[in-house]
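Read through the structure below, which is laid out as structure tokens, and then see the notes.
The values are calculated or read from the model by the stated rules, or taken from the named source; none is laboratory data. Predicted model, so just to flag it, every value in this text is computed and none were measured. Using ideal geometry, Cβ is built from the backbone for each residue, glycine included, and neighbour counts are taken over all protein chains shown.
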Amino acid sequence: MATPPIDLNERRRQDALIGLGVLDTLPEPVFDAITSAAAEACGVPIALVSLVDADRQWFKSNIGLPGVEQTSRDVAFCDHAIRGSELLEVPSAEHDARFAANPLVTGEPHIRFYAGAPIELPGGERVGTVCVIDREPRQLTQAQRALLVGLGRVASAALVDRQRQLALSRQVAVSEARYRAIVEDQSELISLASPDGVLSFVNQAYARHYGTPAEQMVGRRLLDFVAAADRAAVASRLEDLVAGREIAKSVNRTRASTGDERWVEWTNRPLVDEAGRCTAIHSVGRDVTEQHLAELRLREALHEKDTLLKEVYHRVKNNLQLVQSLLNLQHRGTADASAQAALADSARRIRAMALVHEKLYQSHSLASITLGAYARELLRHIGEAASTAARGIEIRADIADVHAPLDAAIPFGLLLNELVFNALEHAFEGRSAGRVDVSLDLQEGVPLLRVQDDGAGLEPGFSCSQATGMGLHLAMSLATQLGGSLQARAGRAGGAEFIVPLPGLVRQAG
């Protein structure tokens with residue numbers, strides 16, 4: 001087995017991979033969608049998103065090798081693929097000197113065909129591949145090669161997006177920790193004053209704050225130490241306190257010992273005699289200037305985070321739309337019917353993911369999207385792609401306004417895409433009209449998705465688990481990711497009905 005030479009930039013490449021913070025993390029929908037699209041478009045049983053570490057290749061997403069999370073780097077085909085910027089295709093590993101003796105060829109999983117597109121980061125570091133594998137020799141079509149290269153770019157954009165979101169989360173966490181430290185470490189200022197505001201007692205923290213010995217402050221009006229701009233408001237609040245005899249909280253600026261204005265938060269309590277008359281004002285204050293400034297900095301940081309997230313969502317959406325355009329071009333340029341179908345399926349799945357990022361970019365919160373608006377627009381795109389108007393087929397939607405974050409919205413969109421397209425493809429053969437009803441509502445707090453058609457119906461004894469098509473298999477996997485199980489039954493008015501509870505939408509959104 002031939003061993004490739006060591007790349008002089010290997011250290012920089014490994015540092016970039018480690019910096020992504022993705023190794024040994026849980027599966028994520030966007031990478032699973034990439035491998036699903038690759039496997040289906042190329043017609044192979046195995047597809048991987050493989051990241052090449054120092055001495056291993058680790059699989060972020062894995063279709064076709066259940067239970068295998070990684071392999072040694074010295075037997076990894078992907079280690080060869082990342083040595084160049086072009087797609088590496090091995091039509092027959094048995095007859096390739098580099099791989100003929102490879103234990104992955106001579107033993108399980110008996111690789112005969114391999115094709116891997118490098119995942120290249122913006123800095124030029126090739127950290128892994130999107131690859132497809134078969135147990136029989138074969139060659140990809142030009143359209144399939146272009147698709148695999150495009151999916152490699154999508155994987156790169158997804159990794160960069162993920163890294164940026166992790167960095168933003170760490171920045172916000174640091175800001176919040178600093179904020180808590182500022183609030184919790186303040187010393188309290190304590191004073192007593194007469195009802196007309198003359199000080200009779202101050203503690204040392206109070207005196208230090210104002211830079212005046214405590215004994216020199218007694219007998220002076222507390223308003224003397226309030227910033228001129230706030231004196232009238234403070235005087236009015238003290239009058240209300242004496243008259244109302246209730247605890248009051250307030251914040252005002254004071255003149256500190258340095259001459260600077262400082263923000264102090266006060267809790268003022270009236271002390272009353274047996275007749276209920278106010279005899280003194282007890283005040284506890286703490287300097288909240290740093291907290292006030294930290295809140296301003298935190299608001300600025302959150303604004304910056306929102307701006308960065310908008311840019312990330314916008315760029316990921318554009319990258320996905322670019323891949324969709326490439327797939328559409330390949331679709332129009334190929335005469336092979338099976339390739340056309342695979343390219344069309346991949347294009348609409350990528351469109352479903354791109355639409356999530358578009359909605360997040362347009363959202364005010366950036367943390368979640370409203371599934372009602374998203375689903376209706378996705379169904380409109382599906383209808384246009386399937387020419388429903390020309391076929392006399394109507395798609396009706398009744399979608400509750402459930403809010404879902406990115407990691408729930410993407411699998412939901414892909415699931416909806418598969419179920420509706422399945423109905424449009426199989427339910428209305430030989431018919432000039434039909435209807436597909438889509439609903440999402442809450443059943444005892446759990447979102448329930450229904451896709452029902454009035455078409456030809458299901459074959460007797462049909463079960464989702466026995467389905468042979470990639471679409472329904474992908475739908476079952478997506479339903480499982482969202483905590484549900486896909487079920488099929490005959491519709492009440494004929495046709496077929498697919499039902500799936502999605503508790504993961506609510507759990508992840510919360």
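Quick notes on this structure:
- Residue in segment 452-510 that is modelled with the lowest pLDDT, counting only those that are assigned to a helix (DSSP H, G or I) and exposed (fewer than 13 other Cβ atoms within 10 Å of the Cβ): 507
- Scan of segment 133-147 for residues that are buried (at least 19 other Cβ atoms within 10 Å of the Cβ) and touching a Ser or Thr at 6+ places or on another chain (Cβ under 9 Å), ordered by number: 143, 147
- Matching option when the condition is in contact with a Cys (Cβ under 9 Å, 6 or more places away or on another chain), in a helix (DSSP H, G or I), of a type in the set (Gly, Ala, Ser) and closer than 25 Å to residue 90 by Cβ, among 38, 47: 38
- The one condition in (1) surrounded by 13 or more Cβ atoms within 10 Å (Cβ to Cβ); (2) polar (S, T, N, Q); (3) touching a residue at least 40 places away in the same chain (Cβ under 8 Å) that residue 257 fails to fulfil: (1)
- For residue 120, the test of being within 23 Å of residue 163 (Cα to Cα) and touching a helix residue (DSSP H, G or I) at 6+ places or on another chain (Cβ under 9 Å) is passed.
- Residue in segment 369-382 that is assigned to a strand (DSSP E or B), modelled with pLDDT under 80, surrounded by 14 or more Cβ atoms within 10 Å (Cβ to Cβ) and in contact with a Ser or Thr (Cβ under 7 Å, 6 or more places away or on another chain) present: yes
- Pairing each residue of segment 91-108 that is surrounded by 14 or more Cβ atoms within 10 Å (Cβ to Cβ) and polar (S, T, N, Q) with any residue that is modelled with pLDDT under 95 and in a loop (DSSP other than H, G, I, E, B), provided the two are 6+ apart or on different chains, yields C-beta distances under 7 Å for 102/1.
- Residue list for segment 206-231, restricted to those being hydroxyl-bearing (Ser, Thr, Tyr) and in a helix (DSSP H, G or I): 206, 210
- Meets criteria (in contact with a strand residue (DSSP E or B) (Cβ under 8 Å, 6 or more places away or on another chain), assigned by TED's automatic domain parsing to the domain that holds residue 453 and modelled with pLDDT of 70 or more) for residue 386: yes
- Note on segment 28-51: residues that are crowded, with 24+ Cβ neighbours inside 10 Å and of a type in the set (Val, Ile, Thr) amount to 4.
- Restricting segment 185-203 to residues that are under 56 Å from the mean Cα position of the chain (by Cα) and of a type in the set (S, T, N, Q), the residue that is modelled with the lowest pLDDT: 186
- Among residues of segment 52-68 being in a loop (DSSP other than H, G, I, E, B) and among the hydrophobic types (A, V, I, L, M, F, W, C), the one that is surrounded by the most Cβ atoms within 10 Å (Cβ to Cβ) is 65.
- Check on residue 115, of a type in the set (A, V, I, L, M, F, W, C) and either in contact with a Phe, Trp or Tyr (Cβ under 7 Å, 6 or more places away or on another chain) or farther than 28 Å from residue 156 by Cα (or both): no
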